[in-house]
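Student: Here's a structure for you.
The values are calculated or read from the model by the stated rules, or taken from the named source; none is laboratory data. In this text the structure is predicted, and so the values were computed from the model without any measurement. FYI the Cβ positions are ideal-geometry reconstructions off the backbone, even for glycines, and counts take in every protein chain you see. Only protein heavy atoms, including side chains, enter the accessible area calculation; ligands, DNA and RNA are left aside. Shrake-Rupley method; radii C 1.70, N 1.55, O 1.52, S 1.80 Å.
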Number of protein chains: 2
Amino acid sequence: MARYRLLLEYDGTGFRGWQRQRAGIVTVQGVLEEGLQRLFGHEVTLIGAGRTDTGVHARGQVAHFDAQKAREGWVILRALNVLTPETVTVLAVDAVDAAFHARFSAVYREYLFRIVAGRSAMPALDRRRVWHHPRPLRVDWMESAAQALLGTHDFSAFRASFCQSKEPVKTMSRMEVRQVGEEIHLRVGANGFLQHMVRNIVGTLSLIGRGEWPVEAMGEILASRDRRRAGPTVPPWGLYLEKVLYPGQVQQNGQG
Amino acid sequence: MARYRLLLEYDGTGFRGWQRQRAGIVTVQGVLEEGLQRLFGHEVTLIGAGRTDTGVHARGQVAHFDAQKAREGWVILRALNVLTPETVTVLAVDAVDAAFHARFSAVYREYLFRIVAGRSAMPALDRRRVWHHPRPLRVDWMESAAQALLGTHDFSAFRASFCQSKEPVKTMSRMEVRQVGEEIHLRVGANGFLQHMVRNIVGTLSLIGRGEWPVEAMGEILASRDRRRAGPTVPPWGLYLEKVLYPGQVQQNGQG
């Protein structure tokens, strides 16, 4: 038995999310497990660090699996990149210790959310890569409001009704809202996330950014733990799982 | 009669280039002319500044057309964005003088070519947005070599065999090769371009960037006016028509 860790990039547009579903439904886990099965000749279960939703992208998803026979990492990488669609790419393969678990060992996850605001025409080139908000947004208001989320809180106000997580308390250690060229980038890092949490935070910040709610609303909504108080869930295609860190790995800020 | 200028962005991936072809072949000119015909109720011919090839993108293509009856620019913009696929977006519509011609009045055209080099895995998210060169490229060598192209020259060495242009002499006023994050960006501006000219220049620079040809080769290839001396034609999907300028408009450098 040999355990391997995969570092993955994917375009979420053509996938019904990460998690394997019934036959005929294309998911990221599904296509990778099929590739691994063809490579190793036995069934393989792939565990991902984050179960991204339909349309959500990843530039640094991490997953692990067990194989009955060890193979060189580069052989797995090359074979898997041939055996899977071009919309998913294996960036790295590493042999890991049997104690490593992509989901339970993870200590930090970081997401990026990209917004194009204040441009009336839909972006043609980035149409499934960014969320298009036709009206301008005040980045400074959004940035101020977002700071209320830093630290350890019960994030139930930003949780999907069908979220299965047992623990709504998470520790948010990074929260930045920045103008980057023509886009607004929200970068958020925590030890874990609830379902739709980033998209519900962005929906709430967008109402603050267009002046419908005051900057102080963010802290009140968080404290209420009431999903009905928060803003709408924004579309998935602006969201990217950027990185996942494990004990011993250090968080790098900046370009990230 | 009223003449209008359109500013256009499009994702070249799903189009067989700019130029209208026979029925059933999807082109940028074709879908826009169909939309304009539905809007105005008569046949419309749209003239583009640059006839981009299959797979080539645009962030600043310019085109003009004549309508029998004048309409407000914003009405045309909104209607056309509804009547055309989401892979093409009208960014601006302006009423122009009858002397304006998108192709013949243009005095400057600028293209961007994006390369991801030195990364073995294919990019999943940008797979039809950048050219993937698995081996590293020396940006400094490419930048030095590229300078030989600045000025007025006969660019026949970089011209497709089937190019129909009568004039192979062009004046290149901008030529930059820069590392931008994980990508190499080549930005080139001239009064006009021959068919495949940018892609043949990039193919030649890539051989210099990986050390197969010396930096001095560029000037010799240009002087030879012999297509067989230059490098291969690289794929279209890294190429973007960035902007087109007309008399009275000033070229802005920097971010472009």
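Student: Answer with yes or no whether residue B:135 is outside any loop (DSSP other than H, G, I, E, B) and either buried (at least 16 other Cβ atoms within 10 Å of the Cβ) or touching a residue at least 60 places away in the same chain (Cβ under 8 Å) (or both).
Tutor: Answer is no for this residue.
Student: When the stretch B:89-123 is examined, which residues are found to be more than 16 Å from the chain's Cα centre (by Cα) and aliphatic (A, V, I, L, M)?
Tutor: B:90, B:91, B:92, B:93, B:95, B:96, B:98, B:99, B:116, B:117, B:121, B:122
Student: So, in the stretch B:76-113, of the ones that are part of a loop (DSSP other than H, G, I, E, B) and at the interface with chain A (Cβ under 10 Å from one of its Cβ atoms), which residue ends up surrounded by the most Cβ atoms within 10 Å (Cβ to Cβ)?
Tutor: In this case the residue turns out to be B:84.
Student: Determine if the stretch B:142-153 includes at least one residue that is open to solvent by 30 Å² or more (accessible area, probe 1.4 Å), among the polar types (S, T, N, Q) and part of a loop (DSSP other than H, G, I, E, B).
Tutor: For the stretch B:142-153, residues open to solvent by 30 Å² or more (accessible area, probe 1.4 Å), among the polar types (S, T, N, Q) and part of a loop (DSSP other than H, G, I, E, B): absent.
Student: Right, another one. I need the full set of residues from the stretch B:41-63 which are within 25 Å of the chain's Cα centre (by Cα), surrounded by fewer than 21 Cβ atoms within 10 Å (Cβ to Cβ) and more than 14 Å from every other protein chain (Cβ to nearest Cβ), in order please.
Tutor: Listed by number, the residues that qualify are B:44, B:45, B:47, B:51, B:53, B:54.
Student: Is there any pair with a first residue in the stretch B:1-30 that is part of a loop (DSSP other than H, G, I, E, B) and a second that is of a type in the set (Gly, Ala, Ser) and open to solvent by 20 Å² or more (accessible area, probe 1.4 Å) whose Cβ atoms are under 8 Å apart and which are 6 or more apart or on different chains, and what are they?
Tutor: What qualifies is B:1/B:98; B:26/B:14.
Student: I would also like to ask the following. Which one of these is part of a loop (DSSP other than H, G, I, E, B), more than 24 Å from residue A:18 (Cα to Cα) and modelled with pLDDT of 95 or more: A:231, A:192?
Tutor: A:231
Student: So, one more: Would you check if residue B:211 is closer than 18 Å to residue B:111 by Cβ and either open to solvent by 10 Å² or more (accessible area, probe 1.4 Å) or modelled with pLDDT of 95 or more (or both)?
Tutor: So residue B:211 does not fit the description; no.
Student: Ok, one more. Name the single residue that is nearest to residue A:14 (Cα to Cα) among those in the stretch A:114-145 being of a type in the set (D, E, K, R) and within 14 Å of chain B (Cβ to nearest Cβ).
Tutor: So the residue we want is A:128.
Student: If I go through the stretch B:176-189 residue by residue, how many of them are within 14 Å of another protein chain (Cβ to nearest Cβ) and either outside any loop (DSSP other than H, G, I, E, B) or on the phi > 0 side of the Ramachandran plot (or both)?
Tutor: Residues in the stretch B:176-189 being within 14 Å of another protein chain (Cβ to nearest Cβ) and either outside any loop (DSSP other than H, G, I, E, B) or on the phi > 0 side of the Ramachandran plot (or both): 5 in total.
Student: Just one of the numbered conditions (1) touching an Asp or Glu at 6+ places or on another chain (Cβ under 8 Å); (2) open to solvent by less than 40 Å² (accessible area, probe 1.4 Å) is not true of residue A:229; which one?
Tutor: Every listed condition holds for residue A:229 apart from (2).
Student: Here are A:204, A:171: which of them is over 16 Å from residue A:221 (Cα atoms) and polar (S, T, N, Q)?
Tutor: A:171
Student: Out of curiosity, is residue B:38 in contact (Cβ under 8 Å) with a residue 24 or more places away in the chain and within 13 Å of the chain's Cα centre (by Cα)?
Tutor: Spelling it out, it is not the case that residue B:38 is in contact (Cβ under 8 Å) with a residue 24 or more places away in the chain and within 13 Å of the chain's Cα centre (by Cα).
Student: Does residue A:218 fit the bill of being of a type in the set (A, V, I, L, M), more than 18 Å from the chain's Cα centre (by Cα) and under 22 Å from residue A:110 (Cβ atoms)?
Tutor: For residue A:218, the condition - of a type in the set (A, V, I, L, M), more than 18 Å from the chain's Cα centre (by Cα) and under 22 Å from residue A:110 (Cβ atoms) - is met.
Student: May I pose another question? Among the residues of the stretch A:157-179, write down those that are touching a helix residue (DSSP H, G or I) at 6+ places or on another chain (Cβ under 7 Å) and open to solvent by less than 50 Å² (accessible area, probe 1.4 Å).
Tutor: A:157, A:158, A:159, A:168, A:172, A:175, A:177
Student: Which count do you get for residues in the stretch A:183-208 that are in contact with a Gly (Cβ under 6 Å, 6 or more places away or on another chain) and either within 15 Å of residue A:153 (Cβ to Cβ) or open to solvent by less than 10 Å² (accessible area, probe 1.4 Å) (or both)?
Tutor: Total meeting the criteria: 2.
Student: Moving on. Taking the stretch B:115-132 only, how many residues are assigned to a strand (DSSP E or B) and among the small types (Gly, Ala, Ser)?
Tutor: Looking only at that region, the number is 1.
Student: Which one is surrounded by the fewest Cβ atoms within 10 Å (Cβ to Cβ), of the residues in the stretch A:1-39 that are within 23 Å of residue A:97 (Cβ to Cβ) and within 14 Å of chain B (Cβ to nearest Cβ)?
Tutor: A:7
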